[in-house]
Amino acid sequence: MRRDFAVEWPTLLLLVATYLLWILATTFAASLWLPLAVGLAAVAIAQFSSLQHEVLHGHPFRSRALNEALVFPALNLAVPYGRFRDLHLAHHHDPALTDPYDDPESNYQDPAVWARMSRPLRALYQINNTLLGRMLVGPAIGTWHLAVSDLAAARAGDRGVARAWALHAAGVALIGLWLLGVASMPVWAYLLANYLGYSLLKIRTFLEHRAHEAARARTVIIEDRGPLALLFLNNNLHVVHHMHPTVPWYRLPATYRANRDHYLRRNEGYLYRSYAEIFARYLLRAKDPVPHPLWPPKPATAGPDSAPARVPAE
């Protein structure tokens, strides 16, 4: 779809508002009442991560360099923007969606890998497959897998991975200078806010994709219009985003309404009415098995003898 404006003002203004909320949380609110500050910072970090997702898809400017400069400060300490960008764009190859190896955002495991896992590790992944578990342990699992896989890639000579982490370190240094020199929020409280912000993002990614023989039917629609839809920048209308990844967040609802039946035919009715429905169904219950239910046997040389790496989301 054609982009009509050189500057997408809703995205730019929301980014400014997000930075202002983050500043408020780490200064005045932290002096007023620390639990409030942690909560506000967590919301700001989650919103910032959603805006990073907009940036990697070419918003709000047509200049990639300018867009990426807007999100250079590493409000989210765990995920380098460059790695999020590269892995997420790889995830947009729809024929590979849910693939335990080729989809970097898949939460499914190769059944052969699953069969070799230790019982404690299986238990951890099973906890992670409920919504509550995804929010509690999902950020730690995602961070661990990303760090381990990227360290191996950097040691093997992948300069792109090394550069992404180097730029991230500079962005983290900016946050450290703010926390130590300006903010009222203790470092430990900011680390907690980071984890909580990441947990909020896990709500969005929990069931974005399902195992299905047809690639077009793997992506969800959640018809929520509440605060979580704003926090996730309407990516709950996820099949619309996958079909039109350059459409800005504020146009996704109208795009969906104009062709609702078409999108629901395309994804074969993979639909939830709201996040409240998802919480009611899956807070303590898994939606899917951990081993991919439709996965064919892999050749012995096709994958590692361990759980595949996962990018944090979102």
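The values are calculated or read from the model by the stated rules, or taken from the named source; none is laboratory data. Owing to the predicted nature of the structure, the values given are computational and were not obtained by experimental measurement. As a convention, Cβ positions derive from the backbone with ideal geometry for all residues, glycine included, and neighbour counts pool all protein chains shown. What goes into the accessible areas is simple: the full protein's heavy atoms, side chains included, and nothing from ligands, DNA or RNA. Shrake-Rupley method; radii C 1.70, N 1.55, O 1.52, S 1.80 Å.
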Inset, instruction - May I ask you to derive the FRET efficiency for R119 and V16 from their Cβ-Cβ distance with R0 = 41 Å, giving the value to the nearest 0.05? - result: 0.25
Legend entry - Probe 1.4 Å, accessible area per residue of the range 162-269, Å²: 43
Legend entry - Part-to-part distance (alpha-carbon centres) for the range 4-51 and the range 79-114, which is given in Å: 28
Legend entry - About the Cα centre, charge dipole magnitude for the range 1-93 (Lys/Arg +1, Asp/Glu -1 at Cβ), debye: 160
Legend entry - For the range 138-201 and the range 244-285, distance of Cα centres in Å: 30
Inset, instruction - Quick one: which residues, 5+ away or cross-chain, put their amide H under 5 Å from the amide H of Y272? H built at 1.01 Å from N. - result: I221, I222, E223
Legend entry - Rough spin-label spacing in nm, given labels placed 7 Å along Cα→Cβ, for L36 and A214: 5.1
Inset, instruction - Name the helices (complete DSSP H segments) of the chain with a Cα length along the long axis of 18 Å or more and a Kyte-Doolittle mean of at least 0.5, or state none. - result: 9-24, 34-56, 131-155, 159-181, 187-205
Inset, instruction - For the chain, give the percent of accessible area contributed by carbon and sulfur heavy atoms, probe 1.4 Å, rounded to a whole number. - result: 65
Inset, instruction - Could you calculate the FRET efficiency of R273 with H93 from 1/(1 + (r/R0)^6), where r is the beta carbon distance between them and R0 is 30 Å, rounded to 0.05? - result: 0.55
Inset, instruction - Give, rounded to the nearest 20 debye, the magnitude of the charge dipole that the chain has about its Cα centre when Lys and Arg contribute +1 at Cβ and Asp and Glu contribute -1 at Cβ. - result: 240
